[in-house]
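A.B. asks: Mind having a look at this structure? Questions to follow.
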Amino acid sequence: MTRIPSSDITPEWLYRQRRQFLRSAGALGLAAAALVACGDATQPTTPAPTQPAGPTPQAAGTADERGDPLTDFDSVTNYNNFYEFSMDKEAVARVSAGFVATPWQVTIDGLVRNPRTYAIEDLASRFDQLERIYRLRCVEGWSMVIPWLGFPLHRLLAEVEPTAEARYVRFETLHDPERMPGQRDPWFTWPYVEGLRLDEAQHDLTLLATGLYGRTLLPQNGAPLRLVVPWKYGFKSIKSIVRIELTAAQPTSLWMASAPHEYGFYANVNPEVAHPRWSQATERRIGEVSRRETLPFNGYAADVAGLYAGMDLRVNY
Ligand code: MTE
């Protein structure tokens with residue numbers, strides 16, 4: 001098992017309380033010293049970052065388990081794919097800035113013994129929030145290293161108890177074209193849907209994220225709850241989830257329905273299988289100048305290759 005830096009980190013609400021305390025004690029200098037400074041991005045060349053006021057971004061770790069440094073907070077929050085708001089990566093933060101993700105409920109149902117609907121606050125307080133530093137490799141050929149805050153999906157699945165018939169997990173994003181203007185685009189079959197095989201969903205690397213850089217998720221990153229599956233292309237990591245359903249049949253994702261000639265259900269990062277229009281052999285790490293080689297399963301092969309034993313990944317891509 002690859003060692004994933006994983007440590008408890010102060011959740012935002014606790015951070016706020018502590019900051020209030022420190023302020024009244026006149027001890028802000030100490031707090032500032034405890035924060036991790038962010039590096040600077042040379043790429044992308046984003047306009048002035050669009051950020052609501054919030055606590056200073058902080059992460060317990062500074063690099064992933066391969067030693068690759070974190071992508072800076074401004075790039076992580078200003079270079080986004082979230083088609084519900086905009087197809088322009090550098091506009092998503094601005095267009096989504098007014099999106100309010102409270103109140104929010106997430107339903108887990110389908111082939112489970114205990115179907116439940118959780119308020120987002122319950123999910124965040126019920127399961128310990130851990131920091132997990134993962135590489136995110138977008139199918140478009142760029143990548144980042146992000147310190148997520150969240151909890152393994154298997155903890156939630158254990159609570160609802162999948163039945164013996166459950167073989168897949170289907171995830172659905174909020175469908176609300178009033179609040180998500182990109183959903184008026186008729187080319188896509190909304191809502192955004194993604195799926196995993198049950199054993200992929202139960203893998204310890206599969207995370208439900210509630211935050212990044214020690215802060216609650218911003219709208220552009222999938223507030224208030226998104227999936228992170230680090231060995232698959234980024235489009236599998238569905239944002240702003242409202243429903244998780246256990247099924248017997250393989251779910252059809254938005255991308256399988258909209259672009260069936262591109263990727264299929266699995267979408268594991270694979271430098272040997274090209275996209276129909278470009279190679280996947282290399283990638284541009286945001287903040288770096290030269291391209292780097294793309295690793296099988298995005299560098300997580302030791303952890304996850306066993307899930308696909310006996311499968312031809314050139315056919316099941
Ligand atoms: N989830 C929804 N609902 N809508 C989207 O457009 N884009 C995906 C994924 N999740 C997307 C989504 C893609 S293509 C990528 S690369 C990642 O989100 C980007 O996550 P980030 O913007 O937080 O880096």
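A.B. asks: Using alpha carbons only, how many angstrom separate the centre of region 84-109 from the centre of region 224-250?
C.D. replies: Region 84-109 and region 224-250 have Cα centres spaced 15 Å from each other.
A.B. asks: Among bridges DSSP assigns within region 41-308, what percent are antiparallel (round to 5)?
C.D. replies: So the antiparallel bridges amount to about 85 percent of the total.
A.B. asks: Same structure again: Give me, ordered by chain and number, the residues 5 or more places off residue 275 or on other chains with an amide H under 5 Å from its own placed amide H.
C.D. replies: Residues meeting the criterion, in which the H sits 1.01 Å from N, are 280.
A.B. asks: Here's something else I'd like to know. Starting from the amide H of residue 242, placed 1.01 Å from N in the peptide plane, find each other amide H under 5 Å away whose residue is 5 or more places distant or on another chain.
C.D. replies: 172, 173, 174
A.B. asks: Carbon and sulfur atoms: what percent of the 1.4 Å accessible area of region 41-308 do they account for?
C.D. replies: On region 41-308, the fraction of accessible area on carbon and sulfur atoms equals 52 percent.
A.B. asks: Where a Cα-Cα gap under 19 Å defines reach, which lysines qualify for residue 89, not counting those fewer than 8 residues away within the same chain?
C.D. replies: 236, 239
A.B. asks: Apply the Karplus curve 6.51 cos²θ - 1.76 cosθ + 1.60, θ = phi - 60°, to the phi angles in region 246-256 and return the couplings in whole Hz, x for Gly and Pro.
C.D. replies: Along region 246-256, the couplings run 8, 9, 8, 9, 5, x, 9, 7, 4, 6, 5 Hz.
A.B. asks: By its C-alpha gyration tensor, with a ≥ b ≥ c as the square roots of the eigenvalues, how is region 150-308 shaped: rounded for a/c under 1.5, else prolate for a/b larger than b/c, else oblate?
C.D. replies: Rounded is the answer for region 150-308, as its axis ratio a/c remains below 1.5.
A.B. asks: Sort 275, 203, 175, 261 from largest to smallest accessible area, using a 1.4 Å probe on the heavy atoms of the protein chains.
C.D. replies: 261, 175, 203, 275
A.B. asks: Give me, ordered by chain and number, the residues 5 or more places off residue 134 or on other chains with an amide H under 5 Å from its own placed amide H.
C.D. replies: Long-range HN contacts for residue 134: 146, 148.
A.B. asks: Report the gain in length on full extension from residue 204 to residue 105: 0.36 nm times residue separation, minus Cα-Cα distance, nm rounded to one decimal.
C.D. replies: 33.3 nm
A.B. asks: Order 107, 62, 206, most accessible first, counting only protein heavy atoms with a 1.4 angstrom probe.
C.D. replies: 62, 107, 206
A.B. asks: While we're on this one: What is the sum of charges around residue 253, taking Lys and Arg as +1, Asp and Glu as -1, for the other residues whose C-beta is under 12 Å from the C-beta of residue 253?
C.D. replies: Taking every other residue near residue 253 into account, the sum is 0.
A.B. asks: Right, something else. Obtain the nm distance between the two label points defined at residue 185 and residue 117 by a simple spin-label model: each point lies 7 Å from its Cα along the Cα-to-C-beta direction.
C.D. replies: Those two pseudo-labels are separated by 3.0 nm.
A.B. asks: Another question about this same structure. Sorted by accessible area (1.4 Å probe), largest first, how do 231, 255 line up?
C.D. replies: 255, 231
A.B. asks: Mind grabbing the accessible area of residue 238 for me, 1.4 Å probe, Å², rounded to tens?
C.D. replies: 0
A.B. asks: Over the heavy atoms of residue 127, what accessible area does a 1.4 Å probe trace out, to the nearest 10 Å²?
C.D. replies: Roll a 1.4 Å probe over it and residue 127 shows about 10 Å².
A.B. asks: Give the accessible area for residue 87 in Å² (nearest 10); use a 1.4 Å probe, count only protein heavy atoms, and leave out ligands, DNA and RNA.
C.D. replies: 110
The values are calculated or read from the model by the stated rules, or taken from the named source; none is laboratory data. Please read all numbers here as calculations on a predicted model, not as lab measurements. Neighbour counts run over all protein chains shown; Cβ positions are idealised from the backbone, glycine included. Remember, those area values only see protein heavy atoms, side chains included, never the ligands or the DNA or RNA. Shrake-Rupley method; radii C 1.70, N 1.55, O 1.52, S 1.80 Å.
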